Amino acid sequence: MSELLRTALYDLHVELGAKMVPFAGYAMPVQYPMGVMQEHTQTRSKAGLFDVSHMGQVIVKGDNFETAALALESLIPVSILGLEVDRQRYGFFTNDAGGIKDDLMLANRGDHVFVVVNAACKAADIAHMQSNLTGVTVTEITDRSLLALQGPAAESVLATLDPKAAAMRFMDVATLTLAGVECWVSRSGYTGEDGYEISVPSAQACALAKQLLSHDDVAPIGLGARDSLRLEAGLCLYGHDISTDTTPTAAALNWAIQKVRRTDGDRAGGFPGADIILRELANGADAKRVGLRPEGRAPMREGVLLFANADDADPIGKITSGGFGPTVGGPVAMGYLPTTLATNGTTVYGELRGKRLPLTVTPLPFTPANFKR
């Protein structure tokens with residue numbers, strides 16, 4: 001894997017027996033000897049430690065927070081200016097067709113906006129910001145790693161290193177001292193569980209990871225379980241469930257666009273694709289992302305075509321993410337259906353190995369979220 005980039009934890013992953021695979025240009029652990037199923041259960045029941053250092057960390061800074069926030073609002077249809085200090089929220093870049101260029105996290109750090117973007121899109125995202133934002137500087141942080149500690153034991157584990165971790169609420173951001181190192185920490189994550197994302201200087205990342213892993217309740221978790229956890233949590237994977245061809249309304253992400261950015265709001269529009277997105281927010285989209293539960297035990301995975309009836313010739317949609325949900329105890333999937341069929345309880349059919357098998361439209365998430373509000 002010499003052609004692949006390595007995170008600061010690469011040697012630790014190998015030492016721990018991880019199976020390494022290419023992912024977004026990096027060599028990343030897909031699983032450890034524990035196996036995906038047990039890693040998934042470990043995170044749901046205790047705590048799991050994830051290396052997410054492949055993701056992009058960016059600081060957008062102007063004369064003050066307002067300057068940076070308003071600049072970013074020209075590319076992102078959420079209220080960034082409305083973020084309180086040391087709070088973060090979910091957002092996305094859009095294109096002129098109303099599609100999603102990438103999804104991301106945004107935090108108000110007092111005098112700047114801290115942005116975390118997806119690994120596969122980070123070069124394009126940074127170029128997008130640098131080309132289109134005026135009056136601000138866009139700086140990629142290349143000397144920090146990113147760890148995620150997720151699960152019901154995450155609070156008690158992290159509080160042993162800095163008691164202030166316990167006082168944080170979901171989507172709070174703070175600077176904590178962990179193992180003697182200044183870390184930028186958010187109470188958030190990609191599993192549906194309570195937990196934290198920790199930006200740590202890369203030179204100290206391995207030492208911090210080892211200290212967290214020394215706790216009886218923590219185990220290392222790879223990309224395989226990360227995917228099954230986020231699928232059960234009903235969370236989108238960029239390039240699969242959302243893309244440049246998917247609008248926020250079709251993706252069931254209306255909740256992420258605050259009233260102030262919508263029609264008649266004080267800062268309505270002003271972002272790429274605003275005319276399309278605002279119209280769909282008011283009137284709905286033709287298709288919608290839904291949860292799907294296949295009957296039986298066989299998972300239906302990405303790309304499976306969906307049909308309104310078992311004997312129809314033409315598909316009406318497709319699965320964008322699918323697999324076995326260990327917590328659910330059966331197969332789960334997400335996909336897109338015409339809005340007229342995107343009603344909970346509706347039966348559709350997926351083509352699997354030449355057979356049409358039923359799936360039921362099901363509310364998301366499949367597993368209830370355990371965030372600390």
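Kindly provide the helix-only [θ] at 222 nm of the chain, computed as the sum of -39,500 (n - 2.57) over DSSP H runs of four or more divided by all residues, to the nearest 500 deg cm²/dmol? Could you put the intermediate results ahead of the total?
Details: 8 runs with 74 residues, N = 373.
Computed ellipticity for the chain at 222 nm equals -5500 deg cm²/dmol.
The distance separating the Cα centre of the stretch 251-288 from that of the stretch 113-172 comes to 26 Å.
Note on residue 109: accessible area is roughly 50 Å² with a 1.4 Å probe, heavy atoms of protein only. When the surface is traced with a 1.4 Å probe over the full set of protein chains, residue 13 keeps roughly 10 Å² accessible. Seen through its C-alpha gyration tensor, with square-root eigenvalues sorted a ≥ b ≥ c, the stretch 280-330 comes out oblate because a/c lies at 1.5 or above while a/b is not bigger than b/c. The residue list 100, 58, 222 was ranked by how far each Cα lies along the charge dipole of the chain toward its positive end, using unit charges on Cβ atoms, and 222 comes out on top. Sorting 360, 263, 246 on solvent-accessible area from highest to lowest, probe radius 1.4 Å, gives 263, 360, 246. Over all pairs of different C-alpha atoms in the stretch 141-180, the reciprocal of the mean inverse distance, the Kirkwood hydrodynamic radius, equals 11.3 Å. For the stretch 260-373, a/c is not less than 1.5, where a ≥ b ≥ c are the root eigenvalues of the C-alpha gyration tensor, and a/b does not top b/c. That puts it in the oblate class. Put 101, 164, 259 in order of accessible area, highest first, and with a 1.4 Å probe you get 259, 164, 101. Computed over the alpha-carbon atoms, the chain gives an Rg to Rh ratio of 0.97, Rh here being the Kirkwood radius from the mean inverse distance.
Normalised by 2.2 N^0.38 Å, with N the number of residues, the alpha-carbon radius of gyration of the stretch 213-308 equals 1.45. In this entry, the stretch 136-279 is assigned a mean projected area of 11.0 nm², taken as a quarter of its C-alpha convex hull surface. Fraction of C-alpha pairs exceeding 23 angstrom in the stretch 62-205: 37 percent, rounded to a whole number. Taking the chain as a Gaussian network of alpha-carbon nodes connected by springs under 10 Å, the highest mean-square fluctuation of the residues 131, 74, 188 belongs to 131.
What separates the Cα centres of the stretch 319-334 and the stretch 1-68 is a distance of 22 Å. Expressed in Å, the radius of gyration and Dmax of the Cα atoms of the stretch 48-124 are 12.6, 39.
The values are calculated or read from the model by the stated rules, or taken from the named source; none is laboratory data. Being a predicted model, the structure only gives us computed values, none of them experimental. Cβ: placed from backbone, ideal geometry, glycine included. Neighbour counts: every protein chain shown. Remember, those area values only see protein heavy atoms, side chains included, never the ligands or the DNA or RNA. Shrake-Rupley method; radii C 1.70, N 1.55, O 1.52, S 1.80 Å.
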